[in-house]
Amino acid sequence: MSAHLVSSVAHAVPELHRDEVFRRMVEGVHDYAIFMLSADGRVMSWNQGAQRIKGYAASEIIGQHFSKFYPLEAIAAGWPDSELEQAAKLGRFEDEGWRLRKDGTRFWANVIITALHGDSGNLIGFSKITRDLTERRQHEERLRQSEENFRLLVEGAKDYAMFLLDADGAVLTWNAGAERVHGMSAEAAVGSGYDVFYTEQDVAAGKPRTELAIARQAGFSEDIGWRVRPDGSRFWADVTLTVLHDRAGVLRGFAHITRDLSERRRIQELETEGQRINEFIAMLAHELRNPLAPIGNAVGILEKVGNTPELQWCTRLIGRQVVHLSRLVDDLLDVSRITSGKIQLRQEALELGSLVTSSMEAVRPIVAGFGHTLDIGLPQEPVHVEGDPTRLTQVIVNLVTNAAKYTPNGGRIKVRLERRGVYAYLHVVDNGIGMSKQLIDTAFDLFVQGDRALDRSEGGLGIGLTLVKRIVAMHGGSVTATSAGHGQGTEMTVCLPLLTVEADEQAAAQATAAPAGGRRILVVDDNVDAATSLATLLRMSGHSISVAHDAHAALRQAAADPPDAVLLDLGLPGMDGYEVARRMRQMPALAHTRLIAMTGYGRDGDRRVASDVGFDAHLVKPVDLEDVLSAISAQRE
């Protein structure tokens, strides 16, 4: 009620009726509780607004102490008396807080208490005006909660850099995701210019200013490209800028979101490069194979017509080289088929000792050509496995041929087969040039070769061991290389599971050797063959296994029956393994479950990313059984 309005009313009403007019004005106000208090705090008057807000009729409250409107905790703290004391001392007191209605419900009130004095200046009482601000407070609380939730969402997001820029492009805020993605602390980032995230070339070309200008004009801008961190490293980023205006339409700044797509880009590049390599290998093998047929035919003719020692020697030499070249072409095609998933195994029950014997007949001429001695050791009892005889023969021939190539003339090669537990082990040992630790770590990678100092023409393309490992893995087995170093020879060991029936009999017969404390393990891989073979090996090791082939199935199974460990392929379709791991780490039931990543990437950066999202171990495919068992048996920190 303004002083001007009061003055106008006062001049418009005769003096005799002025007090009555004011009384009626006060009593008629509905939105404010306006009433008088005595000097000791008792209610002396009551208007309609007071009755509506507080719920008391005038007859119920006049004469009562105004502390009836306060919660018990406020009364216990002496707050009503304190309000009157401050109003008497200062002339006026204002406060906001909880007050009580007649029915006991609370409302949020704005209260103004004004001291009233008589003509002689003595305190005669107080006027009190109360306003119900409950609805406004609830709205403010909802708004505050919404802002708090949004702040927590932004600050807690670790996979996205989310921050604000001012109208000129300077950083205003910084979340945990921004610190992880951009590699900058909040102290270093806030206040810096937008161009700090761009490469020198982009800054020189004015790209940061262009992106801001596009956002100002269109309301947003999106860009995918390289960004840099303070340490100079680059990452492939998806960046979105959204312009922010206030209610008056004035530009306040920009919302900035960055997502690191480096892993996705690397996978896409590798897939593209792999496809090109496969296409090249297929084309190369095709072109190499074309001249082999007529050369082979010519050798056959020479064998029939040649009658001099020199011509016979040339014929045998050409024949050996044709055989060698044919084998290289076959290996090239097989690697291409395996890496593209086009090769299929024709599995059957077979006796591995017999397969070793027949394979040796194929490699004896090669071994003899180098002047090596070949020793073969087979167990007395049969060793039954399930596999593709053609492909397993290829494994044996490649290993023995490889040993022959990298052993100086006149060396010794041992081939030994044994059965141990539920596995068959094939050892190929030579006393050749040996392998360094670095070479052992990469020997099974594509196009990797050993020491070529001997300058052998039979050196090959570096694909034989790659082919061996992939074929063995397709059979649910593993292959390892060991060597004491240069000049100390090499041992290659192939491990294959025995035929299921025989494996079961062996496990029953050797129960004392079976691992104790088998664990519940969930294997997650969209590659059905890979998942099934790994699950079979783990079951043979005494563990209880369940299998899922996609992310959603894995999450459902883990929630329904929490496992002790999860072997999780990172390259799942739809939802990748990183996201599955994040979600599993949010499940209380999986607090003690070990998460083990299986991936084709083994760099330090890849391991750090896996650790950041909650993985306990990081295994590089194709995984070795011993590494898997070790990762499973470790305790979660």
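Below, the figures for the structure above:
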read-out	value
Projected area averaged over orientations for the stretch 23-114, convex hull of C-alpha atoms, nm²	5.7 nm²
Residue 420 versus residue 532: modelled label distance in nm, points set 7 Å from Cα along the beta carbon direction	2.9 nm
³J(HN,Hα) computed for each position of the stretch 375-385 - Karplus, 6.51 cos²θ - 1.76 cosθ + 1.60, integer Hz, glycine/proline x	10, 10, x, 10, x, 5, 7, x, 10, 9, 9
Sorted largest first, extent of the stretch 529-590 alpha carbons per principal axis (Å)	31, 25, 14
Dipole of the stretch 74-230, positive direction: furthest Cα of 113, 124, 77, with charges on the beta-carbon	124
Extension gain, residue 210 back to residue 102 (0.36 nm per residue minus Cα-Cα distance, nm)	32.5 nm
Residue-normalised accessible area of the stretch 26-101, expressed per residue, 1.4 Å probe, Å²	51 Å²
From the C-alpha gyration tensor of the stretch 108-212, square roots of 5λ in Å	54, 18, 12
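The values are calculated or read from the model by the stated rules, or taken from the named source; none is laboratory data. Please read all numbers here as calculations on a predicted model, not as lab measurements. Cβ coordinates were reconstructed from backbone atoms using ideal geometry, including for glycine residues, and neighbour counts include every protein chain displayed. SASA here: full protein model, heavy atoms, side chains in, ligands and nucleic acids out. Shrake-Rupley method; radii C 1.70, N 1.55, O 1.52, S 1.80 Å.
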